[in-house]
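**Q** Before I ask anything, here is the structure I am working with.
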Amino acid sequence: MKKTKSSNQILNTIFTIIITVLVTITIMCIILYANGYNNYTISNKGGNYNKLQAKLDLIKQEIDSEYVGNEVDENELDEYAIKGYVAGLGDIYSQYYTADEMKALMEETTGNYCGIGVYMTVDQEKNLIKIYSVIPNTPAEEAGLKEGDYITKVEGKDVSAADFDEVPKAIKGKEGTKVKITIKRDETEKDYEITRRKIEVINVSSQILDNNVGYIYIQSFEGNVAEQFKNQFNELKNKGIKSLIVDVRNNGGGVVDQATQIGDLFTDKNQTLLIQRDSKSHEIVTKSKENKTIDMNVVLLVNQDSASASEILAGILQDDVQNATIVGTKTYGKGVIQSVLQLTDGSGLKLTTDEYFTPNHKAINKIGITPDVVVDDYTYTGKIDTENDTQLKKALEILQNK
(Lines give C-alpha, C1' and ligand atoms only; values in the text may rest on other atoms or scores of the structure.)
Protein backbone atom coordinates (compact mmCIF):
# COMPACT_ATOMS: atom_id res chain seq x y z
CA MET A 1 0.00 0.00 0.00
CA LYS A 2 2.84 2.45 0.75
CA LYS A 3 4.37 1.68 -2.59
CA THR A 4 1.12 2.53 -4.45
CA LYS A 5 0.64 5.77 -2.51
CA SER A 6 4.18 6.89 -3.31
CA SER A 7 3.59 6.27 -7.04
CA ASN A 8 0.44 8.40 -7.05
CA GLN A 9 2.28 11.26 -5.36
CA ILE A 10 5.00 11.15 -8.03
CA LEU A 11 2.44 11.19 -10.85
CA ASN A 12 0.61 14.15 -9.30
CA THR A 13 3.88 16.07 -8.99
CA ILE A 14 4.82 15.44 -12.65
CA PHE A 15 1.33 16.49 -13.83
CA THR A 16 1.57 19.72 -11.80
CA ILE A 17 4.97 20.55 -13.36
CA ILE A 18 3.67 19.98 -16.89
CA ILE A 19 0.63 22.22 -16.33
CA THR A 20 2.87 24.95 -14.87
CA VAL A 21 5.23 24.84 -17.88
CA LEU A 22 2.36 25.03 -20.39
CA VAL A 23 0.78 27.99 -18.61
CA THR A 24 4.17 29.79 -18.47
CA ILE A 25 4.79 29.28 -22.20
CA THR A 26 1.30 30.53 -23.03
CA ILE A 27 1.78 33.67 -20.95
CA MET A 28 5.20 34.37 -22.54
CA CYS A 29 3.76 34.02 -26.04
CA ILE A 30 0.99 36.47 -25.21
CA ILE A 31 3.53 38.97 -23.80
CA LEU A 32 5.86 38.66 -26.79
CA TYR A 33 3.03 39.07 -29.29
CA ALA A 34 1.74 42.13 -27.46
CA ASN A 35 5.19 43.71 -27.78
CA GLY A 36 5.38 43.04 -31.50
CA TYR A 37 7.64 39.97 -31.45
CA ASN A 38 5.89 37.63 -33.87
CA ASN A 39 7.80 34.39 -34.19
CA TYR A 40 6.73 32.76 -37.45
CA THR A 41 7.85 29.28 -38.37
CA ILE A 42 9.04 28.98 -41.94
CA SER A 43 8.82 25.43 -43.17
CA ASN A 44 11.59 24.16 -45.44
CA LYS A 45 9.20 21.67 -46.96
CA GLY A 46 9.39 21.88 -50.75
CA GLY A 47 12.90 23.36 -50.83
CA ASN A 48 14.44 26.83 -50.63
CA TYR A 49 12.10 28.35 -53.23
CA ASN A 50 8.99 27.52 -51.18
CA LYS A 51 10.79 28.76 -48.07
CA LEU A 52 11.51 32.07 -49.80
CA GLN A 53 7.91 32.39 -51.01
CA ALA A 54 6.59 31.69 -47.53
CA LYS A 55 8.87 34.31 -46.00
CA LEU A 56 7.86 36.91 -48.58
CA ASP A 57 4.19 36.14 -47.93
CA LEU A 58 4.65 36.70 -44.21
CA ILE A 59 6.55 39.95 -44.78
CA LYS A 60 3.81 41.13 -47.12
CA GLN A 61 1.22 40.24 -44.50
CA GLU A 62 3.03 42.35 -41.89
CA ILE A 63 3.41 45.29 -44.27
CA ASP A 64 -0.27 45.15 -45.20
CA SER A 65 -1.44 45.09 -41.60
CA GLU A 66 1.14 47.13 -39.69
CA TYR A 67 3.13 49.47 -41.98
CA VAL A 68 2.69 53.20 -41.43
CA GLY A 69 4.34 55.37 -44.07
CA ASN A 70 4.22 56.12 -47.78
CA GLU A 71 1.57 54.56 -49.97
CA VAL A 72 2.61 51.01 -50.80
CA ASP A 73 3.31 50.23 -54.47
CA GLU A 74 3.01 46.45 -54.76
CA ASN A 75 4.73 46.38 -58.15
CA GLU A 76 7.65 48.38 -56.79
CA LEU A 77 8.02 45.95 -53.88
CA ASP A 78 8.05 43.00 -56.27
CA GLU A 79 10.67 44.61 -58.51
CA TYR A 80 12.96 45.38 -55.58
CA ALA A 81 12.54 41.84 -54.24
CA ILE A 82 13.78 40.44 -57.56
CA LYS A 83 16.60 42.99 -57.74
CA GLY A 84 17.69 41.94 -54.27
CA TYR A 85 17.55 38.26 -55.17
CA VAL A 86 19.95 38.76 -58.10
CA ALA A 87 22.13 41.13 -56.05
CA GLY A 88 22.56 38.27 -53.60
CA LEU A 89 24.91 36.66 -56.13
CA GLY A 90 27.49 39.26 -55.12
CA ASP A 91 28.37 39.77 -58.79
CA ILE A 92 28.58 43.43 -59.80
CA TYR A 93 27.96 42.52 -63.45
CA SER A 94 24.74 40.53 -62.95
CA GLN A 95 21.57 42.57 -62.61
CA TYR A 96 17.78 42.45 -62.91
CA TYR A 97 16.21 45.20 -65.03
CA THR A 98 12.67 46.52 -64.87
CA ALA A 99 10.86 46.89 -68.20
CA ASP A 100 11.88 50.56 -68.49
CA GLU A 101 15.47 49.80 -67.55
CA MET A 102 15.56 46.92 -70.02
CA LYS A 103 14.34 49.17 -72.82
CA ALA A 104 17.11 51.68 -72.05
CA LEU A 105 19.69 48.88 -71.94
CA MET A 106 18.66 47.55 -75.35
CA GLU A 107 18.82 51.06 -76.81
CA GLU A 108 22.32 51.49 -75.41
CA THR A 109 23.46 48.08 -76.62
CA THR A 110 22.14 48.46 -80.16
CA GLY A 111 23.23 52.08 -80.37
CA ASN A 112 19.84 53.15 -81.73
CA TYR A 113 16.98 55.06 -80.15
CA CYS A 114 14.35 57.64 -81.08
CA GLY A 115 15.11 61.07 -79.74
CA ILE A 116 16.88 64.29 -80.67
CA GLY A 117 20.58 63.36 -80.40
CA VAL A 118 22.22 64.94 -77.34
CA TYR A 119 24.46 63.72 -74.52
CA MET A 120 23.65 65.19 -71.12
CA THR A 121 25.36 65.57 -67.78
CA VAL A 122 24.70 67.33 -64.46
CA ASP A 123 26.17 70.73 -63.62
CA GLN A 124 26.12 70.53 -59.82
CA GLU A 125 27.21 74.14 -59.37
CA LYS A 126 24.27 75.49 -61.40
CA ASN A 127 21.94 72.64 -60.38
CA LEU A 128 21.03 72.18 -64.05
CA ILE A 129 21.20 69.56 -66.78
CA LYS A 130 23.88 70.44 -69.31
CA ILE A 131 24.32 69.27 -72.91
CA TYR A 132 27.96 68.20 -73.21
CA SER A 133 27.77 66.91 -76.78
CA VAL A 134 25.44 67.12 -79.78
CA ILE A 135 25.52 64.18 -82.19
CA PRO A 136 26.17 65.30 -85.79
CA ASN A 137 23.35 65.11 -88.34
CA THR A 138 20.60 64.79 -85.72
CA PRO A 139 17.46 66.85 -85.00
CA ALA A 140 19.27 68.55 -82.11
CA GLU A 141 22.09 69.79 -84.33
CA GLU A 142 19.65 70.84 -87.06
CA ALA A 143 17.58 72.80 -84.52
CA GLY A 144 20.68 74.68 -83.38
CA LEU A 145 21.36 73.09 -79.99
CA LYS A 146 24.99 73.39 -78.89
CA GLU A 147 27.49 71.94 -76.46
CA GLY A 148 27.21 73.88 -73.20
CA ASP A 149 23.47 74.57 -73.47
CA TYR A 150 21.34 73.98 -70.37
CA ILE A 151 17.96 72.24 -70.47
CA THR A 152 15.61 74.11 -68.12
CA LYS A 153 12.19 72.81 -69.21
CA VAL A 154 10.74 69.77 -70.97
CA GLU A 155 7.18 70.07 -72.25
CA GLY A 156 6.81 73.27 -70.20
CA LYS A 157 7.81 71.61 -66.93
CA ASP A 158 10.80 73.00 -65.04
CA VAL A 159 13.67 70.53 -64.67
CA SER A 160 16.88 70.62 -62.63
CA ALA A 161 19.80 68.37 -61.80
CA ALA A 162 17.51 66.30 -59.55
CA ASP A 163 15.49 65.28 -62.63
CA PHE A 164 18.49 63.90 -64.52
CA ASP A 165 17.18 60.32 -64.61
CA GLU A 166 13.77 61.38 -65.91
CA VAL A 167 14.71 63.99 -68.54
CA PRO A 168 16.23 61.56 -71.10
CA LYS A 169 13.07 59.43 -70.87
CA ALA A 170 10.90 62.49 -71.48
CA ILE A 171 12.98 63.62 -74.47
CA LYS A 172 13.01 60.20 -76.11
CA GLY A 173 9.81 58.99 -77.74
CA LYS A 174 8.10 57.65 -80.82
CA GLU A 175 9.68 58.52 -84.15
CA GLY A 176 7.96 61.49 -85.82
CA THR A 177 6.53 62.94 -82.61
CA LYS A 178 7.63 66.32 -81.26
CA VAL A 179 9.12 67.36 -77.95
CA LYS A 180 9.28 70.91 -76.62
CA ILE A 181 12.35 71.82 -74.62
CA THR A 182 13.59 75.11 -73.22
CA ILE A 183 17.30 75.88 -73.57
CA LYS A 184 19.27 78.37 -71.52
CA ARG A 185 22.31 79.87 -73.27
CA ASP A 186 24.21 82.95 -72.06
CA GLU A 187 21.46 83.70 -69.50
CA THR A 188 18.83 83.75 -72.27
CA GLU A 189 16.12 81.10 -72.55
CA LYS A 190 14.61 79.92 -75.81
CA ASP A 191 11.96 77.30 -76.62
CA TYR A 192 12.62 74.61 -79.23
CA GLU A 193 10.10 72.18 -80.69
CA ILE A 194 12.08 69.29 -82.12
CA THR A 195 10.82 66.27 -84.05
CA ARG A 196 12.16 62.98 -82.76
CA ARG A 197 13.72 60.49 -85.13
CA LYS A 198 15.91 57.42 -84.99
CA ILE A 199 19.39 58.24 -83.72
CA GLU A 200 22.46 56.12 -84.41
CA VAL A 201 25.02 56.67 -81.69
CA ILE A 202 28.47 57.30 -83.19
CA ASN A 203 31.14 55.76 -80.97
CA VAL A 204 34.08 56.03 -83.38
CA SER A 205 35.97 59.17 -84.42
CA SER A 206 39.18 59.68 -86.37
CA GLN A 207 41.77 62.14 -87.60
CA ILE A 208 45.21 62.24 -89.22
CA LEU A 209 48.22 63.13 -87.08
CA ASP A 210 51.72 64.14 -88.16
CA ASN A 211 53.70 61.88 -90.53
CA ASN A 212 50.53 60.38 -92.00
CA VAL A 213 49.63 58.52 -88.83
CA GLY A 214 45.93 57.66 -88.64
CA TYR A 215 44.19 57.96 -85.27
CA ILE A 216 40.91 56.21 -84.42
CA TYR A 217 39.23 56.58 -81.04
CA ILE A 218 36.64 53.99 -79.96
CA GLN A 219 34.49 55.42 -77.18
CA SER A 220 32.44 52.26 -76.61
CA PHE A 221 31.77 48.91 -78.26
CA GLU A 222 28.00 49.46 -78.11
CA GLY A 223 26.00 49.71 -81.33
CA ASN A 224 27.32 49.25 -84.85
CA VAL A 225 30.92 50.02 -83.85
CA ALA A 226 32.68 47.53 -86.14
CA GLU A 227 31.03 49.04 -89.22
CA GLN A 228 31.81 52.55 -88.00
CA PHE A 229 35.45 51.53 -87.44
CA LYS A 230 35.75 50.09 -90.96
CA ASN A 231 34.31 53.26 -92.48
CA GLN A 232 36.63 55.51 -90.50
CA PHE A 233 39.67 53.40 -91.38
CA ASN A 234 38.82 53.38 -95.10
CA GLU A 235 38.48 57.17 -95.06
CA LEU A 236 41.90 57.50 -93.43
CA LYS A 237 43.44 54.99 -95.83
CA ASN A 238 42.07 56.90 -98.83
CA LYS A 239 43.76 60.02 -97.42
CA GLY A 240 47.12 58.25 -97.41
CA ILE A 241 47.86 57.13 -93.84
CA LYS A 242 50.90 54.87 -93.43
CA SER A 243 50.36 53.60 -89.87
CA LEU A 244 47.59 53.59 -87.29
CA ILE A 245 46.89 54.38 -83.64
CA VAL A 246 43.73 52.86 -82.13
CA ASP A 247 42.71 54.36 -78.80
CA VAL A 248 40.47 52.51 -76.32
CA ARG A 249 41.42 54.44 -73.19
CA ASN A 250 38.44 55.02 -70.87
CA ASN A 251 36.44 52.54 -72.98
CA GLY A 252 34.50 50.32 -70.57
CA GLY A 253 33.53 47.76 -73.21
CA GLY A 254 30.28 46.77 -74.85
CA VAL A 255 29.23 44.02 -77.22
CA VAL A 256 31.74 41.19 -77.57
CA ASP A 257 31.29 40.48 -81.28
CA GLN A 258 31.95 44.13 -82.14
CA ALA A 259 35.44 43.73 -80.64
CA THR A 260 36.10 40.43 -82.41
CA GLN A 261 34.89 41.86 -85.74
CA ILE A 262 37.40 44.70 -85.42
CA GLY A 263 40.09 42.21 -84.39
CA ASP A 264 39.24 40.20 -87.51
CA LEU A 265 40.46 43.13 -89.65
CA PHE A 266 44.00 42.78 -88.27
CA THR A 267 44.34 38.96 -88.43
CA ASP A 268 44.64 36.22 -91.01
CA LYS A 269 41.69 33.95 -91.65
CA ASN A 270 41.05 31.19 -89.07
CA GLN A 271 43.20 32.76 -86.34
CA THR A 272 41.89 32.44 -82.79
CA LEU A 273 40.35 35.69 -81.56
CA LEU A 274 38.69 34.70 -78.31
CA ILE A 275 38.26 31.71 -76.00
CA GLN A 276 35.14 31.53 -73.82
CA ARG A 277 34.51 29.08 -70.96
CA ASP A 278 30.98 28.58 -69.62
CA SER A 279 29.67 27.41 -66.25
CA LYS A 280 30.16 23.77 -67.24
CA SER A 281 33.78 24.38 -68.33
CA HIS A 282 32.91 23.99 -72.00
CA GLU A 283 35.10 26.15 -74.22
CA ILE A 284 34.00 28.03 -77.33
CA VAL A 285 36.67 29.37 -79.68
CA THR A 286 35.93 32.36 -81.92
CA LYS A 287 38.13 32.51 -85.03
CA SER A 288 38.63 35.16 -87.69
CA LYS A 289 36.38 34.76 -90.72
CA GLU A 290 38.02 37.10 -93.22
CA ASN A 291 41.48 37.68 -94.61
CA LYS A 292 43.52 40.48 -93.06
CA THR A 293 42.49 43.92 -94.34
CA ILE A 294 44.67 46.13 -92.10
CA ASP A 295 48.33 45.24 -92.54
CA MET A 296 50.12 48.39 -91.39
CA ASN A 297 51.97 49.02 -88.14
CA VAL A 298 49.49 49.71 -85.34
CA VAL A 299 49.63 50.88 -81.73
CA LEU A 300 46.73 50.31 -79.34
CA LEU A 301 46.45 52.80 -76.47
CA VAL A 302 44.97 51.41 -73.23
CA ASN A 303 44.64 52.49 -69.61
CA GLN A 304 43.20 51.30 -66.31
CA ASP A 305 39.67 52.07 -67.52
CA SER A 306 39.96 50.00 -70.70
CA ALA A 307 37.73 47.05 -69.88
CA SER A 308 35.84 44.06 -71.27
CA ALA A 309 35.57 44.34 -75.07
CA SER A 310 38.54 46.75 -75.03
CA GLU A 311 40.58 44.00 -73.40
CA ILE A 312 39.36 41.48 -75.97
CA LEU A 313 40.73 43.69 -78.75
CA ALA A 314 43.96 44.24 -76.79
CA GLY A 315 44.37 40.48 -76.36
CA ILE A 316 43.89 39.88 -80.09
CA LEU A 317 46.46 42.50 -81.10
CA GLN A 318 48.97 41.43 -78.45
CA ASP A 319 48.75 37.69 -79.16
CA ASP A 320 47.95 37.53 -82.88
CA VAL A 321 49.35 40.59 -84.63
CA GLN A 322 53.14 40.87 -85.00
CA ASN A 323 53.18 44.49 -86.12
CA ALA A 324 50.99 45.66 -83.21
CA THR A 325 52.20 47.26 -79.96
CA ILE A 326 50.14 47.89 -76.82
CA VAL A 327 51.00 51.16 -75.02
CA GLY A 328 49.67 52.65 -71.77
CA THR A 329 48.84 51.20 -68.36
CA LYS A 330 47.49 47.82 -67.25
CA THR A 331 43.84 47.39 -68.23
CA TYR A 332 40.86 47.02 -65.89
CA GLY A 333 40.59 43.24 -65.74
CA LYS A 334 36.97 42.42 -66.63
CA GLY A 335 37.31 39.01 -68.22
CA VAL A 336 33.73 37.81 -67.94
CA ILE A 337 30.83 37.96 -70.36
CA GLN A 338 27.18 38.64 -69.56
CA SER A 339 24.20 37.17 -71.38
CA VAL A 340 20.94 39.13 -71.44
CA LEU A 341 17.55 37.43 -71.13
CA GLN A 342 14.42 39.47 -71.87
CA LEU A 343 11.30 38.27 -70.05
CA THR A 344 7.77 38.30 -71.45
CA ASP A 345 6.74 41.39 -69.42
CA GLY A 346 9.62 43.42 -70.88
CA SER A 347 11.89 43.11 -67.86
CA GLY A 348 15.23 41.35 -68.15
CA LEU A 349 18.15 39.61 -66.54
CA LYS A 350 21.80 40.27 -67.27
CA LEU A 351 23.82 37.33 -65.94
CA THR A 352 27.51 36.49 -65.98
CA THR A 353 27.68 33.27 -67.99
CA ASP A 354 31.23 33.00 -69.38
CA GLU A 355 34.83 33.79 -68.60
CA TYR A 356 37.02 34.70 -71.55
CA PHE A 357 40.69 34.37 -72.38
CA THR A 358 43.07 35.84 -74.95
CA PRO A 359 43.97 33.81 -78.08
CA ASN A 360 47.00 32.42 -76.19
CA HIS A 361 44.66 31.38 -73.35
CA LYS A 362 45.84 34.07 -70.93
CA ALA A 363 43.33 34.94 -68.20
CA ILE A 364 42.11 38.54 -68.01
CA ASN A 365 39.53 38.57 -65.22
CA LYS A 366 40.80 40.48 -62.17
CA ILE A 367 44.23 40.50 -63.84
CA GLY A 368 44.05 42.80 -66.84
CA ILE A 369 46.43 43.06 -69.77
CA THR A 370 49.89 44.52 -69.26
CA PRO A 371 50.95 46.72 -72.20
CA ASP A 372 54.06 45.93 -74.22
CA VAL A 373 55.25 49.45 -73.36
CA VAL A 374 54.09 50.87 -70.03
CA VAL A 375 53.58 54.64 -69.87
CA ASP A 376 51.87 55.56 -66.60
CA ASP A 377 52.60 59.28 -66.17
CA TYR A 378 49.50 60.55 -67.97
CA THR A 379 45.76 60.55 -67.20
CA TYR A 380 43.59 60.50 -70.29
CA THR A 381 40.72 63.00 -70.03
CA GLY A 382 38.66 61.93 -73.04
CA LYS A 383 40.08 64.44 -75.48
CA ILE A 384 43.22 64.17 -77.59
CA ASP A 385 46.10 66.35 -76.35
CA THR A 386 49.11 66.13 -78.66
CA GLU A 387 51.17 68.46 -76.43
CA ASN A 388 50.89 66.65 -73.08
CA ASP A 389 49.72 63.11 -73.82
CA THR A 390 52.87 61.07 -73.12
CA GLN A 391 51.13 57.83 -74.09
CA LEU A 392 50.17 59.22 -77.48
CA LYS A 393 53.70 60.63 -77.92
CA LYS A 394 55.18 57.18 -77.20
CA ALA A 395 52.81 55.63 -79.78
CA LEU A 396 53.96 58.14 -82.39
CA GLU A 397 57.60 57.47 -81.51
CA ILE A 398 57.15 53.71 -81.89
CA LEU A 399 55.51 54.09 -85.29
CA GLN A 400 58.19 56.50 -86.53
CA ASN A 401 60.93 54.04 -85.58
CA LYS A 402 59.37 51.05 -87.33
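The values are calculated or read from the model by the stated rules, or taken from the named source; none is laboratory data. Note that the structure is a prediction, hence the values are computed from the model and not measured. When we count neighbours, we look across all protein chains shown, and the Cβ atoms used for this are built from the backbone with ideal geometry, even at glycine. Surface accessibility is based on the protein's heavy atoms, side chains included, excluding ligands, DNA and RNA. Shrake-Rupley method; radii C 1.70, N 1.55, O 1.52, S 1.80 Å.
**Q** Label-point separation (nm) for Asp278 and Ile367, each offset 7 Å from Cα along Cα-to-Cβ?
**A** Result: 2.3 nm between the two label points.
**Q** Going Cα to Cα from Lys55, which lysines come in below 16 Å? Please leave out same-chain ones fewer than 8 positions away.
**A** Result set, ordered by chain and number: Lys45.
**Q** Just the number please: accessible area per residue for segment 240-395, 1.4 Å probe, all protein chains included, in Å².
**A** 45
**Q** Taking the structure as given and computing P(r) over Cα pairs in 20 Å bins from 0, in percent, which label from (i) 25, 52, 23, 0; (ii) 27, 60, 13, 0; (iii) 20, 42, 23, 9, 5, 1, 0 fits?
**A** Checked against the structure: label (iii).
**Q** Give me the percent of the accessible area of the chain that comes from carbon and sulfur atoms, probe 1.4 Å, all protein chains in place.
**A** Accessible surface attributable to carbon and sulfur in the chain totals 50 percent.
**Q** Let me ask another. Counting alpha carbon pairs within less than 8 Å and at least 6 residues apart, what relative contact order, in whole percent, applies to the chain?
**A** 12
**Q** Another question, then. For segment 130-263, restrict the atom set to alpha-carbon positions and state the Rg and Dmax in Å.
**A** Cα-based Rg and Dmax for segment 130-263 come out at 18.2, 53 Å.
**Q** Among DSSP beta bridges whose residues both lie in the chain, state the antiparallel percentage, nearest 5.
**A** Details: 52 of 69 bridges.
Looking only at bridges with both residues in the chain, the antiparallel portion is about 75 percent.
**Q** Between rounded, prolate and oblate, where does segment 321-402 land on the alpha carbon gyration tensor, with a ≥ b ≥ c its root eigenvalues, rounded for a/c under 1.5, else prolate if a/b exceeds b/c?
**A** prolate
**Q** At a 10 angstrom cut-off on C-beta neighbours, averaged per residue, how do the peptides 347-354, 392-399 rank from highest to lowest?
**A** Ranking, from highest mean packing down: 392-399, 347-354.
**Q** Do you know the relative contact order of segment 325-402, to the nearest whole percent, from alpha carbon pairs under 8 angstrom that are 6+ apart?
**A** Contact order relative to length: 35 percent.
**Q** Could you work out how far helix 2-34 tilts from the main Cα principal axis of the chain, as a 0 to 90 degree angle to the nearest 10?
**A** 40
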